[in-house]
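The numbers here are math on the coordinates, done by the rules we state, and not lab data. Predicted, not measured: the structure shown is a model, and the values here were computed from it. With ideal geometry, Cβ positions are generated from the backbone for all residues, glycine too; neighbour counts draw on all protein chains shown.
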Amino acid sequence: MNLPESLLTRLTNQFGIVATRALLLAMSEKRLPTFRVNTLKGTDENVMSTLRECAIQFERVKDVPHAFLVKNKTDKELLAHALTTSGKIYLQGLTSMLPALVLDPQPEETILDLCAAPGSKTSQIAALMKNTGRLVACEIDEVRFQKLEHTLALQSASAETIRVDATLLHTSHPEQFDRVLADVPCSAEGRMNLNDRRSFSFWSQKNITEHAKLQRRLLRSAVACLKPGGTLVYSTCTLAPEENEDMIAWLVLEFPFMKPMSITLPFPTKQGSHKTATLLPTSRYEGFFVATLVKK
């Protein structure tokens, strides 16, 4: 299957012919399953022991804490395994694990996950905080909210869940949080699979524009929820500049007191003008974008 011609042109103009060819190859390859150990319920050592007992071949992912790659099982098989159904591990893409690590939540802090469902990053944050402090998870959609609560319960992750429009959350929670994660809805270009037309059939310039409008509203709320001196992490799973670099450029223009900070990631990144980081899709992980800003 081929991506829309207009998207191919955009990607080529954005990254160049060579990088786009590598990107398209990565979009056509089937990635091995990856998971994160839930340290609220177990340890890497205990999980590895179980994997060996079950003859599951695995590899630890360098520089991503508690992350593993599985070589001889499918996602479906792992989802049915007792390690997953008991909440000891959580199937999650490698780049999806990065925002919580960049956020670097500390025990006893007050943290907001602005767009929390289905709970992958919320539960990871709870584990990093060792279930201390205050963690607020926001989601407006009823079905996704139920998935969020299910994930947190299964992972034994302590969080205060709120079903509300995140663009309005600042009216009830002004300047309350030490750190805010805004992992926002996006056009999902980084997750496109050339073998699955459904993953890119929705793509259009209009789709990007509509997401960018929503993202700006979410960021206004995120900034207002953040304490002075607090940290905001913004992330998407798209490659669209309008939702990534351009969004951060808008943010620092709109809120001059928000200062971009440097990010160190375990994978090769394309650095942007405001210290942003873009990860292009590879055979191991999906495309992703992340930026960190501090409220001065």
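Could you work out [θ]222 nm for the chain from helices alone, using -39500 (n - 2.57) per DSSP H run of at least four and dividing by all its residues? Round to the nearest 500 deg cm²/dmol.
-10000 deg cm²/dmol
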* Starting from the amide H of residue 188, placed 1.01 Å from N in the peptide plane, find each other amide H under 5 Å away whose residue is 5 or more places distant or on another chain. => 237, 238
* To do: Sort 114, 25, 91 so that the residue with the fewest other Cβ atoms within 10 Å of its own Cβ comes first and the one with the most comes last.
  => 25, 91, 114
* Please report, largest first and rounded to whole Å, the three semi-axes of the ellipsoid equivalent to the stretch 108-200, where each semi-axis is the square root of five times an eigenvalue of the C-alpha gyration tensor. => 25, 16, 13
* Asked: Anyone know which of 113, 165, 178 comes out most mobile in the 10 Å Cα GNM of the chain?
  -> 165
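What FRET efficiency do you get for residue 217 and residue 54 if R0 is 45 Å and r is their Cβ-Cβ distance, rounded to the nearest 0.05?
Values: r = 46 Å, r/R0 = 1.03.
Step by step, r from the Cβ atoms, then E = 0.45.
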* Label the stretch 34-91 by shape, choosing from rounded, prolate and oblate, from the square roots a ≥ b ≥ c of the eigenvalues of the Cα gyration tensor; if a/c is under 1.5 it is rounded, and otherwise prolate applies when a/b is larger than b/c, oblate when it is not. => rounded
* Structure fact -> Going residue by residue through the stretch 148-156, the Karplus relation 6.51 cos²θ - 1.76 cosθ + 1.60 with θ = phi - 60° gives ³J(HN,Hα) values, rounded to whole Hz and with x marking Gly or Pro, of 4, 5, 5, 4, 5, 5, 5, 8, 6
* Asked: So which of 147/227; 147/275; 41/121; 76/121; 73/130; 213/270 end up more than 27 Å apart by C-alpha?
  -> 147/227; 147/275; 73/130
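Arrange the following residues from fewest to most other Cβ atoms within 10 Å of their Cβ: 290, 180, 143.
143, 290, 180
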* **Point-to-point label distance, residue 14-residue 79, nm (Cα→Cβ direction, 7 Å offset)** => 2.8 nm
* **For the stretch 31-145, alpha-carbon Rg and Dmax in angstrom** => 14.4, 41
* Springs between alpha-carbon atoms under 10 Å, Gaussian network over the chain: tell me which of 87, 42, 230 tops the mean-square fluctuations. => 42
